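**Student:** Attaching a single structure in C-alpha cells format; questions to follow.
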C-alpha cells in the first residue's frame, strides 16, 4: 500500500487491482449506535466481511444506486469523484442516515450535498486507518482528514453525542438542541423529542425513538430512567402510558 493509493481510495474500493476493499473501522459504527441501528449499507464490502455495518448490505455487485433505500442508511462510498457525488446526492435526497467521506470542504460535491443538505457534521481529529478485508487495521492512514455527515435530526443528535474525537458542527438543528448538543440531560433529550411530535406520545414509541441514542446504549436500564424522568417532570401524564411535555 502507498500513500497515493490512500489519497484516492474509497471506503471499500480503490484503484489498486491487488486490493479493492477497505473497511470502515468498527469503532465508528459502534459509536453511532451499532450495525443494528442502521437499516442499510448501500456500499457494503463483499462477503465474507469481518463485521456488519447495517442490517441489510448491498455490495458493488448489487449496485446500491439502483436499489430501494429504506430506513437509516450508513454510507461510506467509493471515493472517486463521480461515485461519491452520486451516493451523497442519493443520501441527501433520502434524508436519513450518516456518511463518512474525506473532508474536502471546497469541492462542488461537498458544497451541494453536504453544506447545503446535511444536518450536522463531525470533523474527526487525525486521519483514519481503514481496515483490510480480513479485518486487520491498515498500517498507513487514509492520507486525508475525514468527516461524518449526518442527514436528519436524529442522526445529527447521535453524531453529536457519539464520543468520537472531533469537532461537531450543527447545520440545521433547533436552538434548544444547540444548548446541550454534546451532553443533553435525559429531561432535555425527552422534551426535545416530544416537541417534535404532534400531541401526546406513547411510552413505547419514546423507548424506540431513544433506544439508538448513545445515552441509552450506555445505560442498560434506560427505559426505567425514562420513566423516572417523566415522573420527575416537566412532563404531564395524559393516560396510561401516554405523556406530553409541559408547556
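**Student:** Taking 0.36 nm per intervening residue step and subtracting the Cα-Cα distance, what contour gain separates residue 246 from residue 204 on full extension?
**Tutor:** So the extension gain works out to 13.2 nm.
**Student:** Springs between alpha-carbon pairs under 10 angstrom, Gaussian network model over the chain: which of 25, 200, 170 fluctuates most?
**Tutor:** Highest fluctuation among the options: 200.
**Student:** Still on this structure: Sort 53-60, 237-244 by the packing proxy (mean of other Cβ within 10 Å over each peptide's residues), most packed first. Walk me through the numbers before you get to the answer.
**Tutor:** Working: 53-60: 19.1, 237-244: 13.0.
Peptide ranking by packing, descending: 53-60, 237-244.
**Student:** Could you state the number of Å between the C-alpha centres of region 183-237 and region 33-87?
**Tutor:** First find each Cα centre; the distance between them is then 30 Å.
**Student:** Next question, about the same structure. With runs of 4+ DSSP H residues as the only contributors, calculate the mean residue ellipticity of the chain at 222 nm using -39,500 (n - 2.57) per run, divided by the residue total and rounded to the nearest 500.
**Tutor:** Working: 9 runs with 72 residues, N = 247.
Estimated from H runs of four or more residues: -8000 deg cm²/dmol.
**Student:** Arrange 236, 208 by Cβ neighbour counts within 10 Å, fewest through most, would you?
**Tutor:** 208, 236
**Student:** Further, regarding this structure: Once you've got the GNM for the chain with C-alpha springs shorter than 10 Å, pick whichever of 106, 154, 83 has the biggest mean-square fluctuation.
**Tutor:** Ranking 106, 154, 83 by mean-square fluctuation puts 106 first.
**Student:** Given N residues in the chain, what is its alpha carbon radius of gyration divided by 2.2 N^0.38 Å?
**Tutor:** 1.07
**Student:** While we're here: Just to be sure I understand: if I project the alpha-carbon convex hull of region 18-162 onto a plane and average over all orientations, what area do I get in nm²?
**Tutor:** Answer in nm², one decimal: 8.1.
**Student:** More than 15 Å apart: what percent of Cα pairs in region 184-245 qualify?
**Tutor:** Cα-Cα pairs of region 184-245 separated by over 15 Å account for 42 percent.
**Student:** With springs only between Cα atoms under 10 Å apart, run a GNM on the chain and tell me which of 146, 204, 162 wobbles the most.
**Tutor:** 204
**Student:** With r defined as the distance between the Cβ atoms of residue 60 and residue 81 and R0 fixed at 25 Å, what FRET efficiency is calculated, to the nearest 0.05?
**Tutor:** 0.90
**Student:** On the principal axes of its Cα set, how long, how wide and how thick is region 101-247? Give whole Å, largest value first.
**Tutor:** 56, 35, 22
**Student:** How would 94, 167, 213 line up from fewest to most surrounding beta-carbon atoms within 10 angstrom?
**Tutor:** So the ranking, lowest neighbour count to highest, is 167, 94, 213.
**Student:** Subtracting the Cα-Cα distance from 0.36 nm times the residue separation, let me have the gained length for residue 219 to residue 197 in nm, one decimal.
**Tutor:** 5.5 nm
**Student:** As I understand it, the value is the acute angle between the Cα axis of helix 81-94 and the longest principal axis of the Cα atoms of the chain; what does it come to in degrees, rounded to 10?
**Tutor:** 20 degrees
**Student:** Can you give the direction-averaged projected area of the convex hull of the alpha-carbon atoms in region 73-117, in nm²? Let's see the in-between values first.
**Tutor:** Details: hull surface 10.6 nm².
Directional mean of the projected Cα hull area for region 73-117 stands at 2.7 nm².
Values in this text are rule-based calculations from the coordinates and carry no lab data. These figures come from a predicted structure and were not determined experimentally. Heads up, the Cβs are rebuilt from the backbone with ideal geometry, glycines too, and the neighbour counts pull from every protein chain shown.
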